[in-house]
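The values are calculated or read from the model by the stated rules, or taken from the named source; none is laboratory data. Just so we're clear, the structure is a prediction, and the values are computed from it rather than from any experiment. Here the Cβ is made from the backbone with ideal geometry for all residues, glycine too, and neighbour counts use every protein chain on show. Accessible surface areas use protein heavy atoms only, side chains included; no ligands, DNA or RNA. Shrake-Rupley method; radii C 1.70, N 1.55, O 1.52, S 1.80 Å.
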Amino acid sequence: MHILWVKVGGLWPLNTGGRLRSFHLINELSQRHRVTVLTTHGPADDPSGLSEHLPACDQIISVPWELPKKGSTRFAMALMRSWFSAYPVDLWKCRIPPLAKEVKRLLKTGVDVCIADFLAAVPNVPMGDGVPVVLFEHNVEHLIWQRLTQHEKSPWRRALLGIESSKMRRREADACRRADLTLAVSETDGAVLHEIAPAAKIAAVPTGVDTSYFTPNGGPSSDHALVFTGSLDWFPNEDAILYFLEEMFPAIRESVKDVTLTVVGRNPSAKLTAAMQATDGARLTGTVDDVRPYVHDGAVFVVPLRIGSGTRLKIFEALAMGKAVVSTSIGAEGLGLEHGTHFLQADTPRDFASAVISLLRDPARRDGLGHAARSLVETHYSWPQVSRRFEELLQPVQRTSS
C-alpha cells in the first residue's frame, strides 16, 4: 500500500501528543508499506533530521510555512478574514497554498490512500478526487471549543468562543461526511463524531505508548511528590495546572505538609510561571530533554484536565512507568481505564484532593495501581499493536494502484 500522510505543523521534535502519535504510527507503517510524509516547518525548524528518524519512509517532504501565532499581526489578520468565511480561525490559518499544491502533485503518483492528519490538514486535501482520504482525528476539535466556551467567565469572550465552536462543529461534521473514513482515537470520540455526522464512516483506533522506552525503573520515588507533564503552550494543560493550584493543591498541602508539585512542559506562559512561583512547594521545569526522571521521582501523577478532547498520551506514559495516576474523567477520556484498578478518577476539587492525599499516604495502594496499569499497556497498547489496528482499518479503504 502506498500511503500519503499529510500533517500540518511538523513531526519533529516529539514534543506534543499529536506528534508522538503520528510519528510512531508512521514509523510502524513504513516498515510494511510505502509511506510518503508531507508536512510543514517554520523558520526555526530543521526538517532535514526527520528522514534520519523515519528511515523506512519512501520520502519525506516539508514545505516551509509558519502558522500565525496567537497575538501576532498575521493571526489578527487571519481572525478577521475568517469572520467572513465558513472557517473558524484555527482552520482558516491552516489553508497553505504551497502544501495544497504539493498534495495534488503527489496524489497523481500512484497513492492508494491519503491520511489527513488532524482536521487542520483537511483544507489542503481534496476529497472525492479519486484517491480515498482518511481523516485521522486526534481530537474532537469542536468539543474542545465547546469546553473552552463553558469555562470562559468573560461574557464577550464566551460569545466569540461560541461562534468559533459552532463554525468548528460545522466544518468538522462536513469533513467527516466527505472523508472515506474517519479514525477517532477512542470509541468515546467516535460516538461524538457520529452524532454530528451520522452518515459518516467512523472507526476507532486506540492510543499507544512506547513500552520499551517508558518503563518502571525499580527505584524509589519521593513519597510526597506530585508530577504533571504536558505541553504548557496548549491551553487545556495551562488551565489544568492553574485549576489545580487554586482549587486542589492548598487542601493537599494542608494534609500533607511536605508535598511538592513538579510541572514539566515547554513554553509556560507568564501567567502560569507567576502562579507556580507564588506557590510553596511548586516547581516549573520548562522544556526538558527527557521527562522520565521527573515521572520516576513522582509518587502520584496528576491529570486535572477540565478542557480537551482526544486521548492523553501523558497518562499512558505514566501508566507504562508503573505510576499511580489521579485524573479527571476528561483527562482519562476514551482510554479504557478502570477506576480503582488502573487509576483513580475524581471530578470535583474536593474528590481530586482526597484521592491524591489517600495515595500519598498509602504506598502499597500506589504500587498496586502502578502494577495493574503497566500490565494493561503492555498487553493492549504498544505501538506495534496499535499500528496493526490502524493498518486493518486502512485496507478496505485503499485504492488499488495501477
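Which residue, Glu102, Glu317, Glu52, tops the fluctuation ranking in a GNM of the chain built on C-alpha contacts under 10 Å?
Largest GNM mean-square fluctuation: Glu52.
For Lys108, give me every one of the aspartates and glutamates with a C-alpha distance below 14 angstrom, ignoring sequence neighbours fewer than eight places off in its own chain.
Asp129
Loop only per DSSP, at most 14 neighbouring Cβ atoms within 10 Å: give me the trypsin sites (Lys or Arg not before Pro) in region 246-313, ordered by residue number.
Listed in order of number, the matching sites are Lys257.
What does the charge add up to near Ala159, with Lys and Arg as +1, Asp and Glu as -1, over the other residues with Cβ less than 15 Å from its Cβ?
Every neighbour counted, the sum reads +2.
Could you state the number of Å between the C-alpha centres of region 371-402 and region 113-149?
After rounding, the separation between the Cα centres reads 20 Å.
Could you do me a favour and compute the accessible area per residue for region 176-222, 1.4 Å probe, result in Å²?
Per-residue accessible area for region 176-222 comes out at 46 Å².
Pairs Lys70/Lys201; Lys7/Lys70; Lys93/Lys167; Lys153/Lys323; Lys69/Lys153; Lys69/Lys271: which are spaced more than 26 Å apart, C-alpha to C-alpha?
Lys70/Lys201; Lys153/Lys323
When DSSP beta bridges are limited to those with both residues in the chain, what percentage is antiparallel, rounded to the nearest 5?
Counting only bridges with both partners in the chain, antiparallel ones make up about 0 percent.
What longest region of the chain stays clear of chymotrypsin sites (Phe, Trp or Tyr not before Pro) that DSSP places outside H, G, I, E and B and that have at most 15 other Cβ atoms within 10 Å?
214-402
List residues of region 211-248, by number, whose backbone nitrogen lies under 11 Å from a label position 7 Å along Cα→C-beta of Thr287.
none
Residues of region 314-380: accessible area per residue at 1.4 Å, in Å²?
38
With all protein chains present, how much of the accessible area of the chain (probe radius 1.4 Å) comes from carbon and sulfur, to the nearest whole percent?
Answer for the chain is 51 percent, counting heavy atoms of protein chains only.
For the chain, modelled as a Gaussian network with Cα springs under 10 Å, which listed residue fluctuates most, His342, His138, His380?
His380
Ala251 label point, 7 Å along Cα→Cβ, cut-off 17 Å on backbone N: hits in region 330-350?
Answer for region 330-350: 330, 344-350.
Considering only Glu187, Glu164, Glu246, give the residue with the highest GNM mean-square fluctuation for the chain, with springs between Cα atoms whenever their separation is below 10 Å.
Among Glu187, Glu164, Glu246, the largest GNM mean-square fluctuation belongs to Glu246.
If you take every residue apart from Phe75 with its C-beta less than 9 Å away from the C-beta of Phe75, what net charge results, scoring Lys and Arg +1 and Asp and Glu -1?
Around Phe75, the surrounding residues sum to +4.
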